[in-house]
């Protein structure tokens with residue numbers, strides 16, 4: 001009985017922690033589907049990882065611009081390239097603590113040589129890297145960005 | 001092209017003049033300082049048939065994940081004429097973990113069997129066109145020169161060495177040793193950006 005109770009407590013805790021900050025896992029097919037997204041939305045896909053210093057440094061800029069654009073048809077997704085083995089002990093705690101404002105997913109897409117070119121043919125694979133796209137065009141940038149750079153890029157692409 | 005220029009304007013990226021190597025290009029030799037303080041040039045390797053040049057560093061988790069595999073490559077191929085030459089391209093002002101002193105420590109701790117060179121001016125890194133760590137260039141000696149034969153990742157699974165299906169560098173070097181055609185000459189991989197010196 002006692003055991004069952006602990007189990008329930010554990011489950012409830014689990015549900016709550018998951019709900020606090022959900023981090024979906026994207027397979028290659030999910031990435032492909034998402035990259036095909038259309039409609040009058042501007043998508044911002046930022047490729048990052050908890051261990052990537054310049055990635056962490058640009059997060060405040062993204063946070064600021066995202067909050068300025070609240071209500072607008074702009075969707076920011078922060079696609080983590082942290083190792084699968086680091087999900088529980090590194091990625092999830094980092095996201096809960098620092099990225100409660102963000103939509104974060106973890107990429108589990110297999111051989112990078114197969115999916116990197118899907119994001120952009122010019123991408124060498126270094127992170128940070130960010131893809132902006134809308135019906136007005138697409139811009140891919142393989143370096144850390146300032147809030148001004150993010151704002152201006154969005155301005156040229158916003159539908 | 002116009003879009004590209006607009007992008008440059010938008011992002012304010014200043015592109016350094018960079019001759020990025022492609023497979024088939026002639027590769028330049030270099031003279032870079034090793035962790036033992038001596039200068040290393042490829043021309044000093046009289047017996048070598050070629051080289052496995054790896055741009056790598058201390059701090060990057062992707063480099064660390066490949067550390068044992070880089071050691072294994074040297075163990076397997078140095079005796080067959082393709083030694084590993086590791087080059088740290090990063091500016092230690094931006095990434096203190098990649099300082100020359102820390103390079104020395106790392107080479108000792110992990111018993112590097114290959115030179116671990118520092119590209120202080122980042123000239124060789126730019127000339128080769130390395131963009132991340134780790135980033136591999138397999139070179140073959142042809143006459144008195146060197147030709148780029150493979151550019152890219154070590155293999156297709158950074159996180160799990162047991163899950164590797166395509167050991168790209170091994171296959172490339174095996175093909176060179178057997179004088180066969182390299183089937184996959186370039187690959188892309190996730191890695192840490194090179195920490196360029198601020199102008």
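The values are calculated or read from the model by the stated rules, or taken from the named source; none is laboratory data. The shown structure was predicted, so the numbers you read here are calculated from the model rather than taken from an experiment. Cβ atoms come from the backbone with ideal geometry, glycine included; neighbour counts cover every protein chain shown.
Take the conditions crowded, with 21+ Cβ neighbours inside 10 Å, modelled with pLDDT of 95 or more, touching a helix residue (DSSP H, G or I) at 6+ places or on another chain (Cβ under 8 Å) and not in a loop (DSSP other than H, G, I, E, B) and apply them to residue B:154. Does it pass? Talk me through it step by step, then tell me what you get.
Details: crowded, with 21+ Cβ neighbours inside 10 Å: yes; modelled with pLDDT of 95 or more: yes; touching a helix residue (DSSP H, G or I) at 6+ places or on another chain (Cβ under 8 Å): yes; not in a loop (DSSP other than H, G, I, E, B): no.
So residue B:154 fails the test.
Just checking, which of B:175, B:153 is within 13 Å of the chain's Cα centre (by Cα) and either touching a residue at least 60 places away in the same chain (Cβ under 8 Å) or on the phi < 0 side of the Ramachandran plot (or both)? Spell out how you get there, then give the answer.
Values: B:175 fails: within 13 Å of the chain's Cα centre (by Cα).
The unique qualifying residue is B:153.
Condition check: away from every other protein chain (no Cβ under 14 Å) and either within 20 Å of residue A:117 (Cβ to Cβ) or in a loop (DSSP other than H, G, I, E, B) (or both). Does residue B:113 satisfy that?
Details: away from every other protein chain (no Cβ under 14 Å): yes; either within 20 Å of residue A:117 (Cβ to Cβ) or in a loop (DSSP other than H, G, I, E, B) (or both): yes.
It is true that residue B:113 is away from every other protein chain (no Cβ under 14 Å) and either within 20 Å of residue A:117 (Cβ to Cβ) or in a loop (DSSP other than H, G, I, E, B) (or both).
With respect to the numbered conditions (1) more than 17 Å from the chain's Cα centre (by Cα); (2) under 30 Å from residue B:163 (Cα atoms); (3) free of Cβ contacts under 8 Å to residues at least 60 places away in the same chain, which one is the sole condition not fulfilled by residue A:156?
Evaluating residue A:156 over (1) more than 17 Å from the chain's Cα centre (by Cα); (2) under 30 Å from residue B:163 (Cα atoms); (3) free of Cβ contacts under 8 Å to residues at least 60 places away in the same chain leaves (2) as the failure.
Give me the residue from segment A:125-143 that is facing chain B (nearest Cβ under 8 Å) and touching a residue at least 24 places away in the same chain (Cβ under 8 Å) and, out of that set, farthest from residue A:77 (Cα to Cα). Please lay out each step first, then the result.
If we filter segment A:125-143 for residues that are facing chain B (nearest Cβ under 8 Å), which is where we start, we get A:125-128, A:137, A:139, A:141-143.
If we keep only those that are touching a residue at least 24 places away in the same chain (Cβ under 8 Å) too, we end up with A:127-128, A:143.
On the way: A:127: 15, A:128: 13, A:143: 17 Å.
Going through the qualifying residues, I end up with A:143.
State all residues of segment B:85-110 that are in contact with a helix residue (DSSP H, G or I) (Cβ under 8 Å, 6 or more places away or on another chain) and outside any loop (DSSP other than H, G, I, E, B); if no residue qualifies, say none.
B:85, B:86, B:87, B:88, B:96, B:102
I'm checking my understanding of the structure. Among residues of segment B:162-199 that are farther than 24 Å from residue B:89 by Cβ and not in a loop (DSSP other than H, G, I, E, B), which one is nearest to the other protein chains (Cβ to nearest Cβ)?
By that ranking, first place goes to B:163.
Scan segment A:77-118 residue by residue and report those that are in contact with a strand residue (DSSP E or B) (Cβ under 7 Å, 6 or more places away or on another chain) and either within 24 Å of residue B:167 (Cβ to Cβ) or exposed (fewer than 13 other Cβ atoms within 10 Å of the Cβ) (or both).
Answer for segment A:77-118, where residues must be in contact with a strand residue (DSSP E or B) (Cβ under 7 Å, 6 or more places away or on another chain) and either within 24 Å of residue B:167 (Cβ to Cβ) or exposed (fewer than 13 other Cβ atoms within 10 Å of the Cβ) (or both): A:81, A:82, A:107, A:108, A:109.
Out of segment B:49-78, which residues are in contact with a helix residue (DSSP H, G or I) (Cβ under 8 Å, 6 or more places away or on another chain), buried (at least 20 other Cβ atoms within 10 Å of the Cβ) and more than 14 Å from chain A (Cβ to nearest Cβ)?
Result: B:50, B:51, B:52, B:53, B:54, B:73, B:77.
Looking at segment A:51-75, which of the residues that are crowded, with 21+ Cβ neighbours inside 10 Å and under 12 Å from the mean Cα position of the chain (by Cα) is farthest from residue A:127 (Cα to Cα)?
A:62
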